[in-house]
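Structure first, commentary second.
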Amino acid sequence: MKINKLLLNSLVLKKQQMLNSETTYFSKNKIIINKKNVVYILAIIAFCISLVFVDFYFLPKAKTNDVLSYHKIKYMSNRGNRFEVDNKYFTRKGFSFTTEQNSLTEVNLEIEHTFLFKYVTKVKTKDKDYSAVLINNICGMQFYLYCFFLFSIIISLIILLSGKSYSKNTFDNIICFNSFMLFLCICIAYIY
C-alpha cells in the first residue's frame, strides 16, 4: 500500500513538472523563456516575411525617374586574374540596386520599385532594359531561404500550439533553429 502511494505521488509530481515545463523553461542564467513569448515572436516574424512577399509579388509597383549618383564595382581575383563580379548603383532619391557585370551607360533611369519596402524590381534607360540582370530582388537563394524559414516557423508553431507534450530539448531546438534561420535571413538581406 505504501509503495502504491509513493508511486502515485511520484507520478503526480512528474505530471506537474511536465505541465510546468511545457510553459516555462529555465536556462543556466535563470532567464525565464515563456512558451507564449516564443509563439508571439515566431508569429511576428512569420507576419513580417509574409508582408515582404505580399509587397514584392502582389502589391502594385511604383515608377520613378531618377538619376545615378555613384556606383561601386565588386572585383574578385582568381590566381592573379581579376574580374568584375557585380556593380552596385545608388541613385539620388535613395534607391540602390545591383546588376551582374553590366555597366549602365546612361545616368537618367526609370526605376520601378515596390510599394512598402522600396525594392527595385525594374531598371530602364532610354536605350536598354536592365531588369533581367538585376540581382538584388527577392529571387533565387533569398526567396528559397525565406520560404524555408516560413515553413519552419509554421511547423514550429504547430508543435508549440498542439496539445501534445514535448520535451525541453524540442523547445530548445525550435528556438535555436529558428534563431539560426533568422540570422541567415538577416545576413542575406544585408548582402543583397
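The values are calculated or read from the model by the stated rules, or taken from the named source; none is laboratory data. Since the structure is predicted, the reported quantities are computational estimates derived from the model, not experimental observations. Cβ atoms come from the backbone with ideal geometry, glycine included; neighbour counts cover every protein chain shown. Each accessible area value is taken on the protein alone, full model and side chains, heavy atoms only, with ligands, DNA and RNA left out. Shrake-Rupley method; radii C 1.70, N 1.55, O 1.52, S 1.80 Å.
Near TYR130, the amide H atoms lying under 5 Å from its own belong to VAL123, LYS124, THR125; only residues 5 or more places off or on other chains count, and H is placed 1.01 Å from N.
With coordinates expressed along the principal axes, the C-alpha atoms belonging to region 139-183 extend over 38, 17, 8 Å, beginning with the largest.
Other residues within the sphere of radius under 14 Å centred on the Cβ of ILE73, judged by their own Cβ, net out at +1 (K and R +1, D and E -1).
So, with a 1.4 angstrom probe, what is the percent of accessible area on region 96-161 that is carbon and sulfur? Write down the numbers at each step before the final one.
Details: 2200 of 3560 Å².
Within region 96-161, the accessible surface is 62 percent carbon and sulfur.
I need the semi-axes of the equivalent ellipsoid of region 44-165: take the C-alpha gyration tensor, multiply each eigenvalue by 5, square-root it, list largest first in whole angstrom. Don't skip to the answer; put the middle values down first.
Working: eigenvalues 244, 84, 20 Å².
They are 35, 20, 10 Å, listed largest first.
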